[in-house]
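So the structure is just underneath, and the comments pick up after that.
The values are calculated or read from the model by the stated rules, or taken from the named source; none is laboratory data. Computed from a prediction, not measured in an experiment: that's the story for all the values here. Neighbour counts run over all protein chains shown; Cβ positions are idealised from the backbone, glycine included.
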Amino acid sequence: MNSIKIISILSLLLFFNIGLKANNENGNKDKSTNNYSNSLKKEIQSLISFPEFARQNKTEGFVLVQFEYDSNGRLKVLNANSNDDLLKSYVIQKLETFQMCKHALGSSMNNTMRFDFRIL
């Protein structure tokens with residue numbers, strides 16, 4: 001009878017430990033995906049500067065873009081909204097000429113980003 005209790009308790013502990021490990025691995029995968037997505041977004045943000053035409057015309061605005069990238073590392077704009085058509089065209093053109101780094105190829109991630117253009 002005692003050995004059945006010990007086996008049951010050990011089985012429960014093993015099952016509980018396996019569940020914790022699986023949960024931890026999923027959490028780490030989500031964190032690494034979020035970290036990668038955040039660093040990708042920072043890299044893209046750094047490549048899109050305030051356009052000279054907007055600076056000269058004192059144009060301010062935003063562009064909200066949804067995009068994905070394919071196995072070749074090319075960005076494809078799926079949807080774009082803006083309060084200014086020139087800023088929208090500028091961001092789309094910049095994104096579609098952007099080439100992803102090699103480690104991102106084949107990931108096929110979907111992203112949404114907002115670009116704000118403000119005169120300081």
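Give the number of residues within the range 83-104 that are more than 15 Å from N57 (Cβ to Cβ), modelled with pLDDT of 85 or more and not in a helix (DSSP H, G or I). Qualifying residue count for the region: 1. Residues being over 14 Å from N111 (Cβ atoms), touching a strand residue (DSSP E or B) at 6+ places or on another chain (Cβ under 9 Å) and part of a strand (DSSP E or B) are entirely absent from the range 40-52. For the range 53-73, a residue qualifies if it is closer than 14 Å to K94 by Cα and either polar (S, T, N, Q) or not assigned by TED's automatic domain parsing to the domain that holds Q99 (or both), and exactly one does: Q66.
Could you look through the range 60-77, keep only residues that are surrounded by fewer than 15 Cβ atoms within 10 Å (Cβ to Cβ) and within 13 Å of T112 (Cβ to Cβ), and pick out the one that is modelled with the highest pLDDT? Only one residue tops the list, namely Q66.
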